[in-house]
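I am attaching a structure below and will ask some questions about it afterwards.
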Amino acid sequence: MTLSLLFYIISTLTIGSALLVVLNRNAVYSAVLLVFTFFNLSILYLLLEAYFLAVLEIIIYAGAIMVLFLFVIMLFNVGKEQVLPKIMSFQRAVSLFLLVIFFTGVSLFTIQGVQDLHQPAGSASIGNVTAIGEALFSKYLFPFEIASILLLVALIGTVYLAKRKI
Amino acid sequence: MVVPLEHVIILSGLLFSIGVMGVLFRRNVIIIFMSIELMLNAVNLALVGFSRYHNNVDGQVFVFLVMTLAAAEVSVGLAIIVALFRNRQTVNINEMNLMKN
C-alpha cells in the first residue's frame, strides 16, 4: 500500500519535472530537471523490481548522457530562447490538439482494450543481474555483439565529426 | 506488482506525449534532443512494466539495448550539433534552412 502510494507520488514528480523540461526557457535548467526526471524514473524501476536497470539508468543517463548535454550547453553559452512569434500559434494549437488525441487514444486502448491487467504477476526473480546476464549472453548474444559494433561506429563517427573543418 | 499495469502504461504515454510536445514546440535544437531522450525513457518504462507484468526478462534486455542505442545516438547527435553551431552560430532550428530551395 505504501509502495503504491510512493509510485503515484514519484509519477507525479516525474510528469511535473518532464513538463518543466519542455516548458522552461533556460537550457541549463532543462538539463538539470531532466537529470531529476531520470532519478525519478530510476525509483520507478526499483518499484517495478528492475534493480539492474535502476542502477544502469543513473549510471548511463544521469551520469554519462546528461553530463555530455551540460558540457555542450556550457560550450555554446546560449542565452534564453526568445518568445516565439505570433504566427506559430496556429501550428502550436494544431500540434497540441494532435497530442491530446494521441494521449487519449493510448489511454483508451489501455483501459478498454485489455481488461485483465489487474491480475498480480508471480514472484519476481527477473530483475536481478543474474537473470539479465543469462538472457543477454545466451538468447540475445547476437544483438549484444551488434550493440558493441554500434558503439564502435558511434565512436568513429564522433571522432570524424569533431574535426576542425567539416 | 505494486500498481496495475495500466497505470504504468498511462504514465509512459504521458511522458511520451510530453516528449513529442517538446519536439514540436521548442526551437532550441538541444532541447529537442533532450525531448527525444525523454521519449526513449518513456518507451523504456513501458517495456519494464510489461516485463514485470509478464514475469519475463526479455523486456529488460530490450531496455538495456535501448540504453546502448541512446548513448551512441547522443554522442553522434551532439557532435553534429556542435559542428552545426560552429558553422551557423545558432541553435535555433528556424534559422537552419541550408537544404531549403
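The values are calculated or read from the model by the stated rules, or taken from the named source; none is laboratory data. The shown structure was predicted, so the numbers you read here are calculated from the model rather than taken from an experiment. Don't worry about glycine lacking a Cβ; one is built from the backbone with ideal geometry, like all the others, and counts go over all protein chains shown. Ligands, DNA and RNA are excluded from the accessible area calculation, which covers all protein heavy atoms including side chains. Shrake-Rupley method; radii C 1.70, N 1.55, O 1.52, S 1.80 Å.
Using helices alone, I'd like the mean residue ellipticity at 222 nm for the protein assembly as shown: each DSSP H run of four-plus residues gives -39500 (n - 2.57), total over residue count, nearest 500. Don't jump to the answer; show the numbers that get you there.
Details: 10 runs with 189 residues, N = 267.
That calculation yields -24000 deg cm²/dmol at 222 nm.
Work out the FRET efficiency for residue A:77 and residue B:43 from their Cβ-Cβ distance, taking R0 = 51 Å, and round it to the nearest 0.05.
On the way: r = 33 Å, r/R0 = 0.64.
Here the calculated transfer efficiency is 0.95.
Here is a follow-up. Once label points are set 7 Å from the Cα along Cα→Cβ at both residue A:15 and residue A:104, what is their separation, rounded to one decimal in nm?
The modelled label-to-label distance comes out at 1.7 nm.
May I pose another question? Can you tell me the 0 to 90 degree angle between the C-alpha axis of helix B:58-88 and the longest principal axis of chain B, rounded to 10?
Tilt relative to chain B: about 10 degrees.
Can you tell me the length gained on complete extension of the stretch residue B:95 to residue B:80, counting 0.36 nm per residue apart and subtracting the Cα distance? Intermediate results must be reported in sequence, preceding the final value.
Details: separation 15, 0.36 × 15 = 5.40 nm, distance 1.60 nm.
Additional length available on full extension: 3.8 nm.
Taking the simple approach of a point 7 Å from Cα along Cα-to-Cβ for both residue A:128 and residue A:152, what is their distance in nm?
3.4
May I ask you to list the aspartates and glutamates whose Cα is less than 20 Å away from that of residue A:163, ignoring any residue fewer than eight positions away on the same chain?
B:73
Here is a further query. Among A:21-30, B:44-53, how do they line up from the highest to the lowest mean number of other beta-carbon atoms within 10 Å? Could the numbers behind the result be given before it?
Values: A:21-30: 18.5, B:44-53: 23.5.
In decreasing order of mean packing, A:21-30, B:44-53 become B:44-53, A:21-30.
Could you tally the net charge around residue B:88, taking each other residue with its Cβ under 15 Å from the Cβ of residue B:88, Lys/Arg +1 and Asp/Glu -1? Don't skip to the end; give the middle numbers.
Values: positive: A:165, B:27, B:86, B:100; negative: B:95.
Net local charge, residue B:88 excluded: +3.
Using the alpha-carbon atoms, what tilt in degrees (0 to 90, nearest 10) does helix B:29-54 show relative to the longest principal axis of chain B?
With both axes taken from Cα atoms, the answer is about 10 degrees.
How well do other chains shield peptide B:65-73, expressed as the mean number of their Cβ atoms within 10 Å of each residue Cβ? Don't jump to the answer; show the numbers that get you there.
Numbers: counts 7, 0, 9, 9, 4, 4, 9, 9, 3.
Shielding by partners across B:65-73 averages 6.
Taking the alpha carbon gyration tensor of the protein assembly as shown, what are the square roots of 5 times its eigenvalues, largest first, to the nearest whole Å? Spell out each step's value before the answer.
Details: eigenvalues 216, 119, 48 Å².
Semi-axes from the Cα gyration tensor: 33, 24, 16 Å.
On the full set of protein chains, 1.4 Å probe, figure out the accessible area of residue B:18 and give it in Å² to the nearest 10.
About 10 Å², ignoring ligands and nucleic acids.
So what's the convex hull volume per residue for the Cα atoms of region B:7-76, in Å³? Could you put the intermediate results ahead of the total?
Values: hull volume 3.9 nm³, N = 70.
Per residue, the Cα convex hull of region B:7-76 comes to 56 Å³.
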